[in-house]
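Here is the structure we will look at, set down as structure tokens.
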Amino acid sequence: MRYPAISSFRENMFFIRIFMILLLSCLTVKINLCFSSIPYSLKSLTLDGHFNFDEVHHAARDFGNRYHFLPLAVLHPKSVSDIGTTIKHIWDMGCHSELTVAARGHGHSLQGQAQVHRGVVINMESLQGPKMQVYTGNFPYVDVSGGELWINILHESLKYGLAPKSWTDYLHLTVGGTLSNAGISGQAFRHGPQISNVHQLEVVTGKGEIVNCTKKQNSDLFHSVLGGLGQFGIITRARISLEPAPDMVKWIRVLYSDFNTFARDQERLISAENTFDYIEGFAIVNRTGLLNNWRSSFNPQDPVQASQFESGGKTLFCLELAKYIHSDETDLVNQEVENSLSLLNYIPSTLFISEVSYVQFLDRVHVSEIKLRSKGLWEVPHPWLNLLIPKSKIHDFAEGVFGNIITETSNGPILIYPLNKSKWDNRTSVVIPGEDIFYLVAFLSSAVPSSTGKDGLEHILTQNKRILDYCETANLGVKQYLPHYTTQEEWKTHFGPQWEVFVQRKSTYDPLAILAPWPENISKGNTFLMTSTLIYYLKEKGPHCMQERCLDYKFCKPVTRNFPCFLIYCKSIEEAAVTS
């Protein structure tokens with residue numbers, strides 16, 4: 001009768017010993033680590049580019065302007081091998097090193113994702129190599145560096161009458177940066193996000209390996225890094241699908257006073273054929289003089305009625321549409337636009353139409369950037385909140401948020417538009433709701449520095465938290481886009497059933513957790529991931545999983561980054577526990 005109790009006691013002692021090993025090893029590593037020797041180690045590397053150990057402060061800033069983590073060094077690579085050599089060097093340093101690496105494109109991350117505390121930031125815009133190549137033919141594509149800006153891809157591909165199919169609203173972002181998240185804009189309902197329009201990638205893994213991958217070759221790595229938040233590899237090159245580019249764009253805005261009608265019309269449009277090429281929506285909270293602001297770039301269909309329109313202080317919803325015009329199809333496009341608009345139930349007096357070049361339309365946000373920079377209002381905190389919401393819950397969300405939480409003028413644009421799940425590849429790492437149609441709702445707030453009012457950072461962060469709390473309380477099944485969490489449980493909840501896949505991929509492609517350390521998890525982020533990796537090994541392979549090859553240093557690395565280095569000399573995890 002006592003045997004079960006003894007067995008339970010031994011099991012408890014085993015896990016207590018494992019915990020003591022973790023604790024002692026963390027203390028030992030922190031005490032013995034000598035950062036002063038690391039710069040000399042990095043300086044010894046033979047590179048085409050160079051390290052900078054002095055001018056590193058710029059790498060501790062980003063568009064979010066809320067987190068500032070100072071790196072030890074900034075790598076300015078000239079070749080992909082520079083990146084591979086650096087990461088391989090850190091990988092070879094093994095569990096004695098706490099160096100981590102973050103890839104930085106144009107610095108537009110929101111919450112320090114491209115920063116790293118006392119680690120190495122890789123300046124991806126320094127990356128050189130084969131020039132951008134546009135390939136024409138039946139299946140055209142552009143082959144481009146991961147550090148290239150989308151605006152440059154647009155200008156180069158247009159020389160051949162071609163352009164990428166899917167965009168982000170802001171084009172001054174790098175290829176590697178958007179593909180590590182998803183890349184969403186108003187074309188995504190038809191073509192999917194940018195990660196659905198990639199033929200091939202070149203990736204540097206957390207082991208320093210340079211790997212070419214496609215949907216068929218090294219496919220797991222290919223799908224891992226797309227939407228993978230930089231956790232599985234650094235995208236150094238990509239082949240992106242192209243299509244014939246239009247000459248002009250018919251750009252349209254209409255207003256709604258009823259959210260249900262607004263949402264119903266959006267969903268009708270993204271499910272129909274031959275409607276529009278771009279569909280987005282946004283909320284307008286208590287804005288006066290809105291239509292007058294549009295007149296600088298849009299013409300009202302009925303100027304008299306438009307001049308008499310009054311919002312009455314209500315929250316309005318704008319549907320923004322674009323139809324691409326090829327020079328030989330102008331009459332056909334005008335007819336299709338007229339037919340599509342006739343099916344919608346917007347406020348008739350609020351129809352505004354403009355006709356602009358393709359570049360003007362796609363690069364529209366840059367115009368606002370220039371204006372804001374001139375006023376010193378660009379480099380301010382941007383506590384953005386981006387949510388993906390199932391179609392079945394979007395009305396509950398709108399009622400709760402626009403009815404109770406955001407009732408006064410917002411501190412920036414609020415985007416609301418639906419996406420088709422069928423255009424997303426479920427093998428990638430990005431997490432989306434499970435329904436066939438889901439909405440992107442993005443609160444793109446800007447905070448006034450030093451303000452303690454409703455336009456201040458603290459007020460906006462409090463408002464964001466109220467929105468998230470409401471989503472959780474109402475059980476809306478919301479997923480964050482561009483996610484940021486500070487605890488393991490939050491990340492596990494975010495990934496849901498994909499958590500095990502995430503952990504397995506991490507242990508395969510970045511087993512020492514070198515890449516993309518999350519902010520606020522700098523000292524513990526790697527620990528929770530590698531703890532999860534150890535749990536994965538124990539759960540899937542049993543405590544004897546390393547018994548055969550535990551003397552193989554490389555084999556043991558996946559479970560020893562934040563565990564005792566002497567574990568690699570043990571025959572099994574149990575022996576390590578006994579040794580402790």
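Key figures
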{"quantity": "Test result for SER354, open to solvent by less than 90 Å² (accessible area, probe 1.4 Å), assigned to a strand (DSSP E or B) and touching a Ser or Thr at 6+ places or on another chain (Cβ under 7 Å)", "calculated": "yes"}
{"quantity": "Among residues of segment 103-140, those that are open to solvent by 20 Å² or more (accessible area, probe 1.4 Å) and under 17 Å from the mean Cα position of the chain (by Cα), counted", "calculated": "7"}
{"quantity": "Failed item, numbered, when THR100 is tested on (1) farther than 25 Å from ALA245 by Cβ; (2) buried (at least 22 other Cβ atoms within 10 Å of the Cβ); (3) touching a strand residue (DSSP E or B) at 6+ places or on another chain (Cβ under 6 Å)", "calculated": "(3)"}
{"quantity": "Pairs where the first residue, in segment 411-437, is farther than 30 Å from LYS454 by Cα and in contact (Cβ under 8 Å) with a residue 60 or more places away in the chain and the second is crowded, with 22+ Cβ neighbours inside 10 Å and β-branched (Val, Ile, Thr), C-beta under 8 Å, 6+ apart", "calculated": "LEU419/ILE184; TRP424/VAL430; ASP425/ILE195; THR428/ILE195; SER429/VAL225; VAL430/ILE195"}
{"quantity": "Residue list for segment 180-207, filter: closer than 17 Å to LEU149 by Cβ and of a type in the set (A, V, I, L, M)", "calculated": "VAL198"}
{"quantity": "Single residue of GLU310, GLU273, GLU267 found to be open to solvent by 20 Å² or more (accessible area, probe 1.4 Å), modelled with pLDDT of 95 or more and on the phi < 0 side of the Ramachandran plot", "calculated": "GLU267"}
{"quantity": "Residue check for LYS391: out of contact with any Leu (no Cβ under 9 Å at 6 or more places or on another chain), under 23 Å from PHE262 (Cα atoms) and in contact (Cβ under 8 Å) with a residue 24 or more places away in the chain", "calculated": "yes"}
{"quantity": "Given (1) at pLDDT below 95; (2) more than 22 Å from LYS314 (Cα to Cα); (3) touching an Asp or Glu at 6+ places or on another chain (Cβ under 8 Å), index of the condition LYS454 fails", "calculated": "(2)"}
{"quantity": "Test: GLU329 is assigned to a loop (DSSP other than H, G, I, E, B), at pLDDT below 90 and either open to solvent by less than 20 Å² (accessible area, probe 1.4 Å) or among the charged types (D, E, K, R) (or both)", "calculated": "no"}
{"quantity": "Leading residue by the ranking (farthest from THR46 (Cα to Cα)) among those in segment 73-90 that are surrounded by 22 or more Cβ atoms within 10 Å (Cβ to Cβ) and of a type outside the set (A, V, I, L, M)", "calculated": "PRO77"}
{"quantity": "Of residues in segment 186-196 being in a helix (DSSP H, G or I) and under 17 Å from the mean Cα position of the chain (by Cα), the one surrounded by the fewest Cβ atoms within 10 Å (Cβ to Cβ)", "calculated": "SER196"}
{"quantity": "Residues within segment 444-454 that are open to solvent by 60 Å² or more (accessible area, probe 1.4 Å) and in contact (Cβ under 8 Å) with a residue 24 or more places away in the chain, tallied", "calculated": "3"}
{"quantity": "Filtered residues of segment 421-450 (kept if touching a His at 6+ places or on another chain (Cβ under 8 Å) and small (Gly, Ala, Ser))", "calculated": "SER429, SER445, SER446, ALA447"}
{"quantity": "Number of the exception - GLU369 against (1) in contact with a Phe, Trp or Tyr (Cβ under 8 Å, 6 or more places away or on another chain); (2) in a helix (DSSP H, G or I); (3) surrounded by 16 or more Cβ atoms within 10 Å (Cβ to Cβ)", "calculated": "(3)"}
{"quantity": "Those residues of segment 64-77 which are farther than 19 Å from PRO517 by Cβ and either out of contact with any Leu (no Cβ under 6 Å at 6 or more places or on another chain) or of a type in the set (Val, Ile, Thr) (or both), in sequence order", "calculated": "ASN65, HIS76"}
{"quantity": "Long-range neighbours under 6 Å by Cβ, at least six apart or interchain, first residue over 30 Å from HIS326 (Cβ atoms) and touching a residue at least 40 places away in the same chain (Cβ under 8 Å) within segment 357-386, second surrounded by 12 or more Cβ atoms within 10 Å (Cβ to Cβ) and charged (D, E, K, R)", "calculated": "PRO381/ARG66"}
{"quantity": "The lone exception for VAL249 - which of (1) among the β-branched types (Val, Ile, Thr); (2) touching a Lys or Arg at 6+ places or on another chain (Cβ under 8 Å); (3) open to solvent by 10 Å² or more (accessible area, probe 1.4 Å) it fails", "calculated": "(3)"}
{"quantity": "Spans of helices (runs of 4 or more DSSP H) in segment 74-185 with at least 2 residues within 30 Å of LEU385 (Cβ to Cβ)", "calculated": "150-158, 175-179"}
{"quantity": "Residue match in segment 204-216 (condition: open to solvent by 20 Å² or more (accessible area, probe 1.4 Å), more than 25 Å from ASP92 (Cβ to Cβ) and in contact with a Gly (Cβ under 9 Å, 6 or more places away or on another chain))", "calculated": "no"}
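Every residue, every condition in (1) assigned to a strand (DSSP E or B); (2) modelled with pLDDT under 95; (3) among the β-branched types (Val, Ile, Thr); (4) open to solvent by 10 Å² or more (accessible area, probe 1.4 Å), yes or no:
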{"site": "PHE361", "(1), (2), (3), (4)": "no, no, no, no"}
{"site": "ARG373", "(1), (2), (3), (4)": "no, yes, no, yes"}
{"site": "LYS393", "(1), (2), (3), (4)": "no, no, no, yes"}
{"site": "GLY400", "(1), (2), (3), (4)": "no, no, no, no"}
{"site": "SER410", "(1), (2), (3), (4)": "no, yes, no, yes"}
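The values are calculated or read from the model by the stated rules, or taken from the named source; none is laboratory data. All figures in this text were calculated on a predicted structure; none of them were measured in a lab. Heads up, the Cβs are rebuilt from the backbone with ideal geometry, glycines too, and the neighbour counts pull from every protein chain shown. Ligands, DNA and RNA are excluded from the accessible area calculation, which covers all protein heavy atoms including side chains. Shrake-Rupley method; radii C 1.70, N 1.55, O 1.52, S 1.80 Å.
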